[in-house]
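A quick write-up on the structure given underneath.
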């Protein structure tokens, strides 16, 4: 599992976040996606890293500015943080 942090400029409200979340979910197979307008980013967890060029196209098609992507291993959360 990997976590990708996608910088996205232009989100102004909860509907903007929902628009980005829906676009990413419908374009990629992801475990989770959470856009956050206050951080100007979306966090995506998936089995493997998503294609950055396609991700850029999906974000820009929603009307927002793609600011880059970073990839890191996703941390699993277990029972009380023990696993």
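For the reader, a short list of remarks on this structure follows.
- Residues satisfying the stated conditions in the range 1-16, i.e. farther than 13 Å from residue 65 by Cα and either in a helix (DSSP H, G or I) or modelled with pLDDT of 95 or more (or both): 2, 3, 4, 5, 13, 14, 15
- Each residue in the range 30-47 was checked for being surrounded by 15 or more Cβ atoms within 10 Å (Cβ to Cβ), free of Cβ contacts under 8 Å to residues at least 40 places away in the same chain and in a strand (DSSP E or B), and 4 pass.
- Being within 26 Å of residue 10 (Cα to Cα) and modelled with pLDDT of 95 or more is a property that does not hold for residue 71.
The values are calculated or read from the model by the stated rules, or taken from the named source; none is laboratory data. Not measured: the values here are computed from a predicted model. When we count neighbours, we look across all protein chains shown, and the Cβ atoms used for this are built from the backbone with ideal geometry, even at glycine.
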